[in-house]
Amino acid sequence: MPIYVYEVIQSGGDDGETFEVLQAMSDPPLTQHPETGQPVRRCISLPSAAGMWSDMKTATSLSDKNLDAKGFTKYVKMGDGMYEKRAGKGPDVISAND
């Protein structure tokens, strides 16, 4: 279901509060704010899709499993100069103090 953006219609023509509502495409547009009852209009906005550079795609690309499959090694800081291996080849723990 898409998320629609609505704007409160101000009497003076100024920009009003905007809010988002999760609605089915078959649902009629809202005419009143669900909490205050003020008149609203649905705004035109860009669709959101998980593309090549989206947060979802980046998280998948940088996952431990994917990095290991591509031959990369990933270490995560444990604290105080210690790093633990999460993916790839190499020692399980490395220390910056060695």
In a Debye calculation with equal point scatterers on the alpha-carbon sites of segment 3-42 and no solvent, what is log10 I(q)/I(0) at q = 0.13, 0.23, 0.25, 0.27 Å⁻¹? -0.25, -0.71, -0.82, -0.92
Mean projected area in nm² (Cα convex hull; one quarter of hull surface) for the chain: 11.6
Stretchable slack from K57 to A69, in nm (0.36 nm times residue separation minus alpha-carbon distance): 2.7 nm
How large is the charge dipole for the chain, taken about the Cα centre, if only the Cβ atoms of Lys, Arg (+1) and Asp, Glu (-1) carry charge, to the nearest 20 debye? 640
In segment 6-98, what GluC sites (Glu not before Pro) fall in a loop by DSSP, with at most 12 other Cβ atoms inside 10 Å? E17, E35
Once exposed loop chymotrypsin sites (Phe, Trp or Tyr not before Pro) are cut out (DSSP; at most 13 other Cβ, 10 Å), longest piece of the chain: 1-52
List the trypsin sites (Lys or Arg not before Pro) within segment 1-75 that DSSP assigns to loop and that have no more than 11 neighbouring Cβ atoms inside 10 Å. K70
Cα convex hull of segment 55-95, projected area averaged across orientations, nm²: 3.1
Highest GNM mean-square fluctuation, the chain, Cα pairs closer than 10 Å: which of S61, S45, S26? S26
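Since every read-out is calculated from the coordinates, none of them should be taken as a lab result. The structure presented is a predicted model; accordingly, all values stated were derived computationally and were not measured. With ideal geometry, Cβ positions are generated from the backbone for all residues, glycine too; neighbour counts draw on all protein chains shown.
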